[in-house]
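A.B. asks: Encoded as structure tokens, here's the structure I'll be asking about.
Values quoted throughout were computed directly from the atomic coordinates according to the rules given, and no laboratory measurement underlies them. Only a predicted model underlies this, so the values are computations on that prediction, with no experimental measurement involved. Using ideal geometry, Cβ is built from the backbone for each residue, glycine included, and neighbour counts are taken over all protein chains shown.
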Amino acid sequence: MRANGSIVDDQGKMNNFAIEPRVYVDTQGDRTGFTPYAELLNGRLAMIGFVSLMVLEALTGHGVFGLLGSL
């Protein structure tokens, strides 16, 4: 006997885990893991971070550790 997607046995106990979920295929599998897209994005973000640290040091005259030490 079924009630709202779960199975009820003859003693009236519900088993919510008796029905398996539907299997689906992930269509965006290209953008996870060590893919060329992920490596390009990682490299670009690293370049942005490096350049911003150089600009920070040029504007303030202190490095990152000098600024963090003065807090």
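A.B. asks: Could you give the nm distance between label points at LEU56 and GLN11, where each point is 7 Å from its Cα heading toward the beta carbon?
C.D. replies: 6.3 nm
A.B. asks: In nanometres, what is the gap between the two model label sites at ILE48 and THR27, each 7 Å from Cα along Cα-to-Cβ?
C.D. replies: The two pseudo-label positions are separated by 2.7 nm.
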